[in-house]
Amino acid sequence: MELLSVRITISYKDKPPVLDDLRVDLQPGEILGLVGHSGCGKSSLALAILGLLNLKGGKALGSIRWNERELLTLKEKEWRKLRGKEIAFVPQSPMSSLNPALRLGTQLEEAWKLHGQGGRDQMEETVFRSLLDVSLPAKEEFLRRYPAEISVGQAQRVLIAMAILHRPALLIADEPTSALDAVTQSEILALFGELNRRLGMSLLFISHDLVSAYTLCHRIALIHSGKIVECNTPQAIFFSPQHPFTRKLIAAIPTVPSASEVEESLRFNLFNS
Ligand SMILES: Nc1ncnc2c1ncn2[C@@H]1O[C@H](COP(=O)(O)OP(=O)(O)O)[C@@H](O)[C@H]1O
Ligand SMILES: [Mg+2]
């Protein structure tokens with residue numbers, strides 16, 4: 001039984017469809033990678049699943065089935081009950097997604113209030129649990145800090161802590177590591193993997209980077225020309241790619257040069273300087 005099943009066509013005003021009868025399913029507990037070039041409609045799909053598409057004269061047709069419910073026709077009031085509780089979102093840019101003027105504690109408190117039940121004790125318990133979930137210090141001192149007083153990697157962890165406060169069944173992460181350096185990037189990928197294993201949370205991992213998707217995902221879906229052109233296990237995608245677009249993406253992955261190649265190029269540079 002699918003947790004999420006999407007069949008969707010999205011067109012913005014006076015433009016050809018960005019997504020053209022795109023079909024994708026997600027199983028409970030699965031990490032699905034959604035990979036495609038910039039501008040191919042990845043964020044549009046994420047926003048549609050979160051009920052946040054800003055269409056202004058455009059159209060979204062089809063269906064978004066979530067746990068036996070149709071989401072595409074949901075009213076905003078119903079979306080507010082669901083968003084952040086059943087399906088949550090981790091944005092791309094950690095620093096610009098936090099409010100620089102508010103302490104981290106205040107921002108986590110606000111996220112808790114959207115769906116939290118009970119008083120201050122329940123709130124603190126939930127916030128501390130979430131901080132521990134993402135390996136941040138569950139301490140008052142940390143919560144009193146402002147976003148400028150933490151690293152960008154910590155900021156991304158705070159946003160993940162916020163997203164999982166209410167233990168959603170699905171986390172949608174739109175390019176969550178694109179703004180991070182390589183080391184922080186691999187730490188955040190490892191964290192997503194751990195949250196998936198430990199909490200059974202499904203993840204829709206959106207990225208333009210096939211290598212990140214390879215390390216994290218159970219399946220990878222490639223978007224091209226508004227459709228999923230290939231969807232398979234990372235191994236199958238890498239070692240027997242079927243679609244020309246997939247082959248092109250794989251061919252474009254840079255490889256680490258061997259020691260002899262480095263030596264060769266150094267010698268070449270010496271001769272030519
Ligand atoms: N609100 C909008 N109004 C009009 N066009 C949009 C809007 N949002 C995105 N687009 C266009 O839709 C296409 C897909 O955008 P997007 O979903 O952000 O792609 P991706 O996340 O893969 O980079 C782009 O050509 C973009 O310019
Ligand atoms: Mg995007």
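Most exposed first by the Cβ proxy, i.e. fewest other Cβ within 10 Å, how do 217, 231 rank?
Working: 217 26, 231 18.
Placing the least packed residue first, the sequence is 231, 217.
What's the exposure ranking of 134, 90, 262, going from fewest to most Cβ atoms within 10 Å? Intermediate results must be reported in sequence, preceding the final value.
On the way: 134 20, 90 24, 262 11.
Ascending Cβ contact count within 10 Å gives the list 262, 134, 90.
Using the Karplus curve 6.51 cos²θ - 1.76 cosθ + 1.60 with θ = phi - 60°, work out ³J(HN,Hα) for each residue of the range 144-159 in order, rounded to whole Hz, and write x for Gly and Pro.
In residue order, the calculated couplings are 7, 6, 9, x, 5, 9, 10, 7, 5, x, 5, 4, 5, 5, 4, 5 Hz.
Simple spin-label model, 7 Å along Cα-to-Cβ: residue 103 to residue 38 in nm?
3.8 nm
Between residue 197 and residue 253, what FRET efficiency follows from the Cβ-Cβ distance if R0 is 25 Å, with the result rounded to 0.05?
Values: r = 26 Å, r/R0 = 1.06.
About 0.40, to the nearest 0.05.
Which whole-Hz couplings ³J(HN,Hα) result when phi for each residue of the range 15-28 is put into the Karplus expression 6.51 cos²θ - 1.76 cosθ + 1.60, θ = phi - 60°, listed in order with x for Gly and Pro?
Along the range 15-28, the couplings run 10, x, x, 6, 10, 10, 6, 6, 10, 8, 10, 9, 8, x Hz.
Enumerate the calculated ³J(HN,Hα) couplings along the range 201-217 in order (Karplus 6.51 cos²θ - 1.76 cosθ + 1.60, θ = phi - 60°), each rounded to whole Hz, writing x wherever the residue is Gly or Pro.
My calculation for the range 201-217 gives 6, 6, 9, 9, 9, 9, 7, 8, 9, 5, 5, 4, 4, 4, 6, 9, 8 Hz in order.
How many times 2.2 N^0.38 Å is the alpha carbon radius of gyration of the chain?
On the way: Rg = 20.6 Å, N = 273, 2.2 N^0.38 = 18.5 Å.
So the chain has a normalised radius of gyration of 1.11.
In the range 121-224, if the dipole is taken from +1 on Lys/Arg beta carbons and -1 on Asp/Glu beta carbons about the Cα centre, which of 201, 184, 173 is farthest to the positive end?
201
Out of the range 41-99, which GluC sites (Glu not before Pro) are coil in DSSP terms and have no more than 14 other C-beta atoms within 10 Å?
Values: sites: 68, 70, 76, 78, 86; in loops: 68, 86.
Within the range 41-99, the qualifying GluC sites (Glu not before Pro) (loop, at most 14 other Cβ atoms within 10 Å) are 68.
Residue 225 to residue 149: FRET efficiency via 1/(1 + (r/R0)^6), r the Cβ-Cβ distance, R0 35 Å, to the nearest 0.05?
Values: r = 45 Å, r/R0 = 1.27.
E(calc), rounded to 0.05, equals 0.20.
Show the residues, 5+ positions off or on another chain, whose built amide H is closer than 5 Å to the amide H of residue 33.
Under 5 Å from the amide H of residue 33 lie the amide H atoms of 205, 218, 219, 220, 221, each far enough along the sequence or on another chain.
Please report how far the C-alpha centroid of the range 65-88 lies from that of the range 175-208, rounded to the nearest whole angstrom.
First find each Cα centre; the distance between them is then 24 Å.
Within 11 Å, Cβ to Cβ, of residue 155, how many net charges do the neighbouring residues add up to if Lys/Arg are +1 and Asp/Glu are -1? All intermediate terms of the calculation are to be shown ahead of the outcome.
On the way: positive: 145, 157; negative: 149.
Once all neighbours under 11 Å are counted, the net charge is +1.
Only helical DSSP H runs with n ≥ 4 go in: add -39500 (n - 2.57) per run for the chain, normalise by residue count and round the 222 nm mean residue ellipticity to 500 deg cm²/dmol.
Numbers: 12 runs with 113 residues, N = 273.
It comes out at -12000 deg cm²/dmol, rounded to the nearest 500.
Taken together, the values in this text are just the output of simple stated rules run on the coordinates, not laboratory data. Just so you know, these numbers come straight off a predicted model, no measurement behind them. Cβ atoms come from the backbone with ideal geometry, glycine included; neighbour counts cover every protein chain shown.
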